[in-house]
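Structure record follows, encoded as structure tokens.
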Amino acid sequence: MDWMNQAAISAQKSDAVFFYVFGLSVAFLIFITVLMIYFVVRYNKKRHPKAEQIEGHVGLEIVWTTVPLVLFLSIFYYGWTNYEYMRQAPRDAMAIKVTARQWSWSFEYPNGKQSKVLFAPIGKPMKVEVRSADVVHGFFVPSFRLKIDAVPARANTTWFQATKLGSYDIQCTVICGVDHSLMLSKVIVVPEDEFKAWYFGGEDAPEPGKALRAAEAHPDLKDLPPGLAVLTAKGCLACHSVDGKPKVGPTLKALYGREQQILIAGDYKTITVDDAYLRRSITNPMDQVVRGYPPAMPQTALSEQELNEVVRYIKGL
Amino acid sequence: MSTHASTAQPSYLVDTGARKGLMAWLTTTDHKRIGLLYLYSMITFFFVGVGIGFVMRLVQLTSFQKLITAQTYNALFTVHGVIMIFLFVVPGLPAIFGNFFLPILIGAKDVSFPRLNLASWYFFIAGAILAVLSLFTGGGAPDTGWTFYAPFSLKTGTNVSLAVFAAFVLGFSSMLTGINFITTIHRLRAPGMKWFRMPLFCWALYSTAWIQLLATPIVAITLVLVILERFFGIGIFDPAKGGDPLLYQHLFWIYSHPAVYIMILPAMGAITEILPTFTKRPIFGYKAIAFSSMSIAAVGSLVWAHHMFTSGMSATANMVFSLLTMVVAVPSAIKVFNWVSTLYKGSIDFQPPLLFTLTFIFLFCIGGLTGVMQGALALNIHIHDTYFIVGHFHYVMFGGTGMALFAALLYWFPKMWGKMYSKKAIYASWFPMFIGFNMLYFGMMILGMMGMPRRYYVHLPQFHTMHVVATVGSWLLILGLIMFFGTLLYAIFKGEKAGDNPWGGVTLEWTIPSPPPLENFEEIPTVTHGPYHFEQQEAK
């Protein structure tokens, strides 16, 4: 069945509950609506000039307390048991570390391999441990009906087993700042041998699912200059272009040496961009926000070497 | 009682004190005038909220993204939520119709603390002004969503502190109104007005007032903690300083879930009040409805964490909160059955307030049932934080509370102003409103099932068609709203005289002149029977 792009066992579990509740709900809604319309027509004052003064009926009250209670409890039970399945990963599941940061996702596999999209072999249980580097995010794969929040200083886990080859959206579901709606990635479900070839294939093995990913430009980080690789990996390019295009934040092109007004402690000051300014802007973005741009840049932890590479790269733009 | 037309007391709309005009209104302690002050200010805020909603829908057409940046959009949905929730649906029916009709319905001259009542309105206005200021000062309008989740709300450079302080001040307005109503109901019932002779709107207000009083302080303290954390980094919620972001979510929802019952219970009460008048028979199951209001207030305080099923709470907590969520749905179902049964063997006089009452029941059923869907754990995991929630919430809050507020306004309008509106124009406004409403919010629920997350500035291409449907729906809805309020506004100035009891109601407000005199009753009535007692009238 291909209801709403269903592509994992968790989706089947969730949809089964949906159809059960939806069926009951439609029946209830039709019953109530038809009854209302029938009564309004049947007991209109023209047809029924004298109202009967009925105060109530204890038997009926008991019936419509217990019947909904039983139905609601059945919904609870069905929802709970299917959720239990969705929650507990099998022992042999491969554990993937998911890191959410403003505004990008990264994935790390048990052997240390990393990627910007999540590769998953079809039919194999995959456990995801979701962490956040800054604020609360939500890891959501609609086609898997899978969602778990990324909460800082906490690892939340869930799991999935994909049932269909393909490329499925990952979206962030908790408002996390200006580019919340661009905090996207993909789960790429590939045949197991293709996944293994990449996973066990050493550093130079090509990423799997080439055909599925053709449409999306996810460059291999190792082909980039080191500074640009850091900017890409940390999600900086979501807001800052390197080619002069305006985005949420100022472009990095020809930034070094530029004069600009920044907000320091409530006052605008004109400064010239130099090494010290760049370093401080990256490590403590809220200290000096450029005039005309939102105070939205997250703090991103960079090592000293990464910081050097980024500054060197920006100087050369 | 037929002599009251020649009453010596002037209407409450006539200035009788030392002050005249605007000053007389701004210093009034009359519960009816305060009700109108709330009405006028809240409808103003409502239309500001509607305007923001309109712009947000335009952004989703993707043609206006040059004018509205992502940062502005995030501010828009935050402000839309803050205005609609804290300035419209939370004060909602209690502030307008509770103030205006609670004393009249129980046979009192005013609330227990009239000056405190005026003070509540000033707290409300002060909160509103602070909320507006927060948009234009500091780092600009808050961009966290109305939930202010930590640690994002602690880290963002926008003016969260002032917005949160505004909500804090508004909380005082809510608490003081709650205290006032509880005291009024306990102390000022007319002779013979026993608890089970009170109109059911009063029961709804009573249960609501207790939630306002008990739950609001929690969110007030939570919001103060957010401010302290932003200024002094006390580390309650920020994990970088040893705090816990989930603690914030718990504290926020411990108030904000009961708050949705603050929003819906009075609406249910108003619906319960309207039905007997137009069916000319007592409400079906008076005590069942009264007790269901109280049990919603009680059980509703224990379900907050069903907003957090994906947050990483323990499975046991998830199970317990899912179970309690199912239990709290029962009293709402009981009410629906009793309402529909009240139509049975009545003598139905179909008038605009009844149309909006039945619309309420229909839309509230959809809102309630989609709420049950979210209570089911396996399904919640998928639809949590998507457009499904946004659609569901608007079915309950707009289709529920909003429609009930409109129904109450239509029902009590002739009493409040002594004028009657054009019924045809109201029926005409219903069609675009109803069709637009369902296109907009049912469209949102379909989007949510498809996987469209909430609070997204841009959406993926597969969602676009439904976004267009929803946006067109929003235009129809707004057209209906303008027709509706235009009709009422016209009627305030140019409407025909309504008479004291145009609907043939039997509760106490229909025994006094329209508009009511300053002190409501020339003589405090003595009550000898339940509120929906139609035999007497038929005997005439």
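The values are calculated or read from the model by the stated rules, or taken from the named source; none is laboratory data. It should be emphasised that the depicted structure is a prediction, and the values quoted were computed from it without experimental measurement. All Cβ positions, glycine included, derive from the backbone under ideal geometry; neighbour counts span all protein chains shown.
Some notes on this structure:
- Selected residue [among the basic types (K, R) and either at positive phi or within 14 Å of chain B (Cβ to nearest Cβ) (or both)] from A:K147, A:K116, A:K196: A:K147
- Enumeration of residues in segment B:343-374 that are within 17 Å of B:H394 (Cβ to Cβ), within 20 Å of the chain's Cα centre (by Cα) and of a type in the set (V, I, T): B:T359, B:I361, B:I366, B:T370
- Flag for A:S10 being part of a helix (DSSP H, G or I) and more than 7 Å from chain B (Cβ to nearest Cβ): yes
- Segment B:212-267, subset over 28 Å from B:L409 (Cβ atoms) and of a type in the set (G, A, S), residue farthest from the other protein chains (Cβ to nearest Cβ): B:A220
- Among the conditions (1) surrounded by 13 or more Cβ atoms within 10 Å (Cβ to Cβ); (2) at pLDDT 80 or above, the only one that A:L212 does not satisfy is (2).
- Per the listing B:F291, B:F278, B:F284, the residue uniquely part of a helix (DSSP H, G or I), buried (at least 24 other Cβ atoms within 10 Å of the Cβ) and aromatic (F, W, Y) is B:F278.
- Matching residues, segment A:250-275, being among the aliphatic types (A, V, I, L, M), over 14 Å from A:I314 (Cβ atoms) and without any contact (Cβ under 8 Å) to a residue 24 or more places away in the chain: A:A265, A:I271
- When we screen A:V130, A:V41, A:V98 for residues that are touching a Phe, Trp or Tyr at 6+ places or on another chain (Cβ under 9 Å) and more than 29 Å from A:V21 (Cβ to Cβ), the only hit is A:V98.
- Taking segment A:120-207 as the region of interest, the strands (runs of 3 or more DSSP E) fully inside it that hold 1 or more residues being farther than 29 Å from B:S153 by Cβ are A:125-132, A:156-161, A:166-172, A:184-190.
- Checking B:G300 against (1) surrounded by fewer than 23 Cβ atoms within 10 Å (Cβ to Cβ); (2) modelled with pLDDT under 95, the condition it does not meet: (1)
- Residue check for A:G202: modelled with pLDDT of 90 or more, on the phi > 0 side of the Ramachandran plot and surrounded by fewer than 23 Cβ atoms within 10 Å (Cβ to Cβ): no
- Residue ID - nearest to the other protein chains (Cβ to nearest Cβ), chosen from residues in segment A:250-290 that are assigned to a helix (DSSP H, G or I) and of a type in the set (A, V, I, L, M, F, W, C): A:M286
- Checked against the criterion of being in contact (Cβ under 8 Å) with a residue 24 or more places away in the chain, within 14 Å of chain A (Cβ to nearest Cβ), surrounded by 21 or more Cβ atoms within 10 Å (Cβ to Cβ) and of a type outside the set (V, I, T), segment B:117-138 has no qualifying residue.
- Residues satisfying the criterion are absent from segment A:60-83 (criterion: surrounded by 16 or more Cβ atoms within 10 Å (Cβ to Cβ), at pLDDT below 90 and either under 30 Å from A:V178 (Cβ atoms) or at the interface with another protein chain (Cβ under 7 Å from one of its Cβ atoms) (or both)).
- Verdict on B:M445 being within 14 Å of chain A (Cβ to nearest Cβ), modelled with pLDDT of 95 or more and on the phi < 0 side of the Ramachandran plot: yes
- Within segment A:90-106, tally of residues that are touching a Ser or Thr at 6+ places or on another chain (Cβ under 7 Å) and either more than 13 Å from chain B (Cβ to nearest Cβ) or among the aromatic types (F, W, Y) (or both): 3
- Any chance B:T511 is within 30 Å of A:G56 (Cβ to Cβ), at pLDDT below 90 and away from chain A (no Cβ under 14 Å): no
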